[in-house]
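*Asks:* The structure's right below; bear with me while I get my questions together.
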2 protein chains.
Amino acid sequence: MSAEQVIVNKGLEGIYFDNTSICHIDGQRGILLYRGYNIHDLASNATYEEVCYLLLYDRLPTKDELDQFDAALKENRNLPSAVMDVIYAFKDGHPTDVLRTAVSALGTIDPDVKDMSLEANLRKGIRLIAQFPTIVAAHERIRKGLDFTPPREDLSHAANFLWMLKGEEPDPDAVRAMDLDFILHAEHSSNASTFTARVAASTLADLHSSVVAAISALKGPLHGGAAEAVMEMVEAIGEPERAEGWVQEQLAAKKRIMGFGHRVYKTEDPRARHLRELSKILGEKYGEPKTFQILQNIEKAMEPMRAKGIYVNVDFYAGSIYHYLGIPADLYIPIFAIGRIVGWVAHILEQYSDNRLIRPLLHYVGPMERQWVFIEQRS
Amino acid sequence: MSAEQVIVNKGLEGIYFDNTSICHIDGQRGILLYRGYNIHDLASNATYEEVCYLLLYDRLPTKDELDQFDAALKENRNLPSAVMDVIYAFKDGHPTDVLRTAVSALGTIDPDVKDMSLEANLRKGIRLIAQFPTIVAAHERIRKGLDFTPPREDLSHAANFLWMLKGEEPDPDAVRAMDLDFILHAEHSSNASTFTARVAASTLADLHSSVVAAISALKGPLHGGAAEAVMEMVEAIGEPERAEGWVQEQLAAKKRIMGFGHRVYKTEDPRARHLRELSKILGEKYGEPKTFQILQNIEKAMEPMRAKGIYVNVDFYAGSIYHYLGIPADLYIPIFAIGRIVGWVAHILEQYSDNRLIRPLLHYVGPMERQWVFIEQRS
């Protein structure tokens with residue numbers, strides 16, 4: 001093939017690499033389905049545990065199945081002491097780095113580490129869903145010099161996370177917000193971290209390795225880091241009435257406004273609706289509506305951009321939820337990961353089930369044959 | 001777009017995702033260039049340190065530059081004590097898992113962790129090139145209950161690795177074999193681990209995160225695990241005269257022969273020539289030519305497959321080199337990583353230099369809108 005005939009699809013935009021039955025996104029109409037269920041139905045009715053079951057088993061659980069699944073999660077919330085030691089040893093690191101390292105360490109000693117059967121992989125996946133919140137909460141406590149708060153079996157996944165993080169009984173609105181946030185972040189087709197997980201899985205790397213690859217990709221500001229960047233913007237703006245002017249200045253300087261636009265959505269991200277509502281409720285409840293108002297005013301100032309298909313995405317209001325829950329900014333990415341781990345597991349299992357090594361090509365544009373020169377003759 | 005119009009490129013085979021000036025592979029003619037230099041010239045003339053410089057800086061170093069680069073590698077061979085502790089704590093794990101965890105831990109405490117400048121990334125890359133052999137050798141010693149052998153500044157990269165691994169002065173043929181093996185594994189365009197590194201880097205995840213993602217992908221038997229599988233085959237065959245019959249049986253049962261065929265090469269992998277020669281030399285030197293003879297006989301029995309473009313690949317003779325060097329089979333993947341780390345770093349830097357988020361699509365083939373059913377009504 002001559003160089004002229006090569007088509008380079010930079011970023012692989014618009015290229016399909018496989019079929020899936022996990023998630024459907026209609027970016028034109030703003031529709032998001034998990035296993036065929038509309039995200040709005042799930043946001044209004046489901047718990048995160050139920051959504052996990054749905055994503056892993058492709059159907060909603062009966063009461064008995066959900067109880068069993070929930071019991072399995074609760075049983076697996078504790079971390080091996082060697083992994084707790086890793087968290088202590090690297091406590092001053094960025095929480096995403098610590099999560100990645102702890103999960104990698106877990107993969108080294110997982111009881112099913114050599115078993116690639118579906119049953120073993122589901123066990124590993126359930127363990128990871130249960131362990132992620134403990135890693136993040138333990139790290140947050142330890143780096144603050146506080147005692148680790150052990151998990152409680154009488155609390156839901158979301159409530160237990162807040163309990164471990166804060167060491168105090170979480171209020172029901174905070175629990176609902178956390179649960180809904182996990183649901184909305186549980187899955188989003190082949191975003192960069194999930195795609196990374198599938199690329200690793202396509203070499204038949206084990207589940208923990210593939211999840212570690214996903215966490216590695218989540219670290220990047222173009223993927224998992226946007227919620228934090230939105231809150232930095234809110235801080236820079238400071239007051240609701242300054243939002244419009246600030247946005248105009250940024251647009252005039254051709255700078256990007258964080259939390260807007262999406263590779264797939266060309267209308268409003270359907271998840272934004274629920275996060276906007278939550279942000280409003282929490283802002284009023286905690287007597288600090290300013291953050292929400294600044295976000296609202298930014299959104300309003302950005303309305304003209306809708307003509308170009310640029311709307312708020314999932315990250316825009318997510319940061320404010322975490323802010324209202326008193327969660328520090330460098331935990332936003334790990335919290336994204338706590339929600340998304342189930343989606344990664346579902347995709348890794350789907351990749352294993354009908355695998356083909358994912359290996360696209362790079363088009364060489366360098367010199368063709370450079371002549372070797374001995375070191376004495378180089379200048 | 002209707003479902004009929006979607007083209008799914010499973011495995012992204014034949015799809016170009018970017019331009020590169022690092023590596024050229026002509027799979028039809030069996031040509032491999034690093035930065036424009038033919039692999040045969042590099043194999044005959046260069047050291048691994050020189051190849052590292054070439055891959056990172058896009059030109060061969062002068063004597064002074066090479067000395068400086070070599071000094072930087074030597075300075076960075078020691079590991080922080082917290083990372084040594086991780087190796088001790090997880091010593092019973094698979095060496096690839098331990099390498100992945102140690103590198104992830106290094107990323108958590110790297111002095112340049114927040115600096116994304118090219119200079120900082122080159123420093124991080126050089127540190128990782130220097131640290132990889134120490135991690136692998138330290139783990140091997142520690143899990144055997146032996147004392148860690150500290151690195152020596154008077155030895156080359158390859159010689160020092162063998163020194164740390166064995167705790168004895170390595171012989172020159174072993175050093176040459178190790179050095180050449182590292183050169184031949186240093187780079188190979190967008191193989192699965194390098195592609196994984198670039199996908200992670202495309203989110204602007206930091207260098208350590210991107211390298212961790214690469215190691216995660218290398219774990220899979222479809223990528224880094226083939227050399228080990230070849231040596232298992234050699235063991236199963238046992239005697240040179242049994243090779244032909246064994247191959248016929250496998251082919252009749254439509255089973256794959258490990259170490260043959262490649263997604264890109266449709267003729268002999270140019271790296272195989274050098275590894276074949278090394279295998280022969282080491283087999284004779286160490287008075288154990290049987291392994292080499294079995295491999296030769298397998299290759300001969302596979303000759304009819306050449307009509308289908310199936311030839312030996314890099315993994316076929318690599319395992320026998322490690323075997324002759326007395327290296328256990330579960331270190332083959334980490335040793336691949338010791339060679340390849342420089343290629344990963346070069347690709348991560350290239351990705352950063354002209355980045356676009358790598359985010360292909362999945363084609364949804366599941367049900368369109370399933371109706372929510374309350375849990376009491378599910379059966």
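Where a number appears in this text, it was derived from the coordinates with a stated rule and is not lab data. Model, not experiment: these values are computed from the prediction. Cβ atoms come from the backbone with ideal geometry, glycine included; neighbour counts cover every protein chain shown.
*Asks:* For peptide B:52-59, compute the average count of partner chain beta-carbon atoms within 10 Å of each residue's beta-carbon. Show your work: numbers first, answer last.
*Replies:* On the way: counts 0, 0, 1, 0, 0, 0, 2, 2.
Other-chain Cβ atoms within 10 Å of each residue's Cβ, averaged: 1.
*Asks:* Find the relative contact order for region A:226-324 and round it to a whole percent, using C-alpha pairs within less than 8 Å whose residues are 6+ positions apart.
*Replies:* Rounded, it is 46 percent for region A:226-324.
*Asks:* Additional query: If you put +1 on each Lys and Arg Cβ and -1 on each Asp and Glu Cβ, how big is the dipole of region B:1-53 around its Cα centre, in Debye rounded to 20?
*Replies:* Value, rounded to 20: 100 debye.
*Asks:* Something else about it: Residue by residue through A:101-114, how many Cβ atoms from other chains fall within 10 Å of the Cβ on average?
*Replies:* 6
*Asks:* Which percentage, to the nearest 5, of the DSSP beta bridges contained in the protein assembly as shown is antiparallel?
*Replies:* Expressed as a percentage, antiparallel bridges in the protein assembly as shown total about 55.
*Asks:* Then there's this: Select from chain B the helices, each a whole stretch of DSSP H, whose alpha-carbon atoms run 15 Å or more along the helix axis and whose Kyte-Doolittle mean is at least 1.6; answer none if there are none.
*Replies:* Once both thresholds are applied, what remains is B:207-218.
*Asks:* Over chain B, what relative contact order in percent results from Cα pairs under 8 Å that are six or more residues apart? Present the calculation step by step, with values, prior to reporting the outcome.
*Replies:* Details: 496 pairs, mean separation 82.7, N = 379.
Over chain B, the number comes to 22 percent.
*Asks:* To continue, here is another question. Using the Kirkwood radius over Cα pairs, work out the Stokes-Einstein diffusion coefficient for region A:208-327 at 10 °C and 1.306 mPa s, in µm²/s as a whole number.
*Replies:* Reported coefficient: 107 µm²/s.
*Asks:* Moving to a separate point now. Using only atoms on other chains, find how many Cβ atoms lie within 10 Å of each Cβ of peptide A:89-100 and report the average.
*Replies:* Average neighbour count from other chains, rounded to a whole number: 6.
*Asks:* Among B:Gln131, B:Ala229, B:Ala158, which residue has its Cα positioned farthest towards the positive end of the charge dipole of region B:123-236, with +1 placed on the Cβ of Lys and Arg, -1 on the Cβ of Asp and Glu, and the dipole taken about the Cα centre?
*Replies:* Projecting each Cα onto the dipole axis, the largest value belongs to B:Gln131.
*Asks:* Same structure, new question: Take the Cβ-Cβ distance between B:Arg256 and B:Asn78 as r, set R0 to 45 Å, and report the resulting FRET efficiency rounded to the nearest 0.05.
*Replies:* The computed FRET efficiency comes out at 0.60.
*Asks:* Also, I was wondering about something else. The protein assembly as shown: percent of C-alpha pairs farther apart than 36 Å?
*Replies:* Numbers: 124367 of 286903 pairs.
Cα-Cα pairs in the protein assembly as shown separated by more than 36 Å: 43 percent.
*Asks:* List, largest first, the extents of the alpha carbons of chain B along their principal axes, each in whole Å.
*Replies:* 71, 56, 48
*Asks:* Would you please give the FRET efficiency between A:Glu277 and B:Ile7, computed as 1/(1 + (r/R0)^6) with r the Cβ-Cβ distance and R0 = 35 Å, to the nearest 0.05? Could the numbers behind the result be given before it?
*Replies:* Numbers: r = 39 Å, r/R0 = 1.11.
With a Förster radius of 35 Å, E is 0.35.
*Asks:* Next question, about the same structure. Which value, in debye to the nearest 20, describes the size of the charge dipole of the protein assembly as shown about its Cα centre when Lys and Arg Cβ atoms bear +1, Asp and Glu Cβ atoms bear -1, and nothing else is charged?
*Replies:* Dipole size: approximately 1240 debye.
*Asks:* Suppose only helical runs count, i.e. DSSP H with n ≥ 4. What mean residue ellipticity at 222 nm does that imply for chain B under -39500 (n - 2.57) per run, divided by all residues and rounded to the nearest 500 deg cm²/dmol?
*Replies:* Dividing the helical sum by the residues of chain B leaves -17500 deg cm²/dmol.
*Asks:* Greater than 18 Å separation of Cα atoms is the criterion. Which listed pairs, A:Lys91/B:Lys114; A:Lys166/A:Lys280; A:Lys280/A:Lys300; B:Lys166/B:Lys280, meet it?
*Replies:* Violating the 18 Å limit, Cα to Cα: A:Lys166/A:Lys280; B:Lys166/B:Lys280.
*Asks:* Based on the mean of other Cβ atoms within 10 Å per residue, sort peptides B:235-242, A:248-255, A:211-218 so the most packed one is first.
*Replies:* Taking the mean over residues of other Cβ atoms within 10 Å, the ranking is A:211-218, B:235-242, A:248-255.
*Asks:* Using the Karplus curve 6.51 cos²θ - 1.76 cosθ + 1.60 with θ = phi - 60°, what ³J(HN,Hα) values do you get for each residue of region A:361-376, in whole Hz, with x for Gly and Pro?
*Replies:* Couplings: 10, 9, 8, 6, 10, x, x, 7, 9, 8, 8, 4, 10, 5, 4, 5 Hz.
*Asks:* Could you list which residues have their amide H under 5 Å from that of A:Tyr37, counting only those 5 or more apart in sequence or on another chain, with H placed in the peptide plane?
*Replies:* Amide H neighbours of A:Tyr37, under 5 Å, 5+ apart: B:Arg370.
*Asks:* Please list, in chain and number order, the residues 5+ apart from B:His363 or on another chain whose amide H is under 5 Å from its amide H, with Hs placed from the backbone.
*Replies:* A:Phe17, A:Asp18, A:Asn19, A:Thr20
*Asks:* For region A:226-324, give the magnitude of the charge dipole about the Cα centre (Cβ charges: +1 Lys/Arg, -1 Asp/Glu; no others), in debye to the nearest 20.
*Replies:* With only Lys, Arg, Asp and Glu charged at Cβ, the dipole is about 460 debye.
*Asks:* Relative contact order for region A:121-260: what is it in percent, counting Cα pairs under 8 Å that are at least 6 residues apart?
*Replies:* So the answer I get is 14 percent.
*Asks:* Next question, about the same structure. Under a no-solvent Debye model with one identical scatterer per Cα of region A:37-114, what's log10 I(q)/I(0) at q = 0.15, 0.17, 0.18, 0.22 Å⁻¹?
*Replies:* Debye curve over Cα of region A:37-114, log10 I(q)/I(0) at q = 0.15, 0.17, 0.18, 0.22 Å⁻¹: -0.74, -0.85, -0.88, -0.97.
*Asks:* Using the per-residue mean of other Cβ atoms lying within 10 Å as a proxy for protection, in what order, highest first, do the peptides A:182-191, B:67-76 fall?
*Replies:* A:182-191, B:67-76
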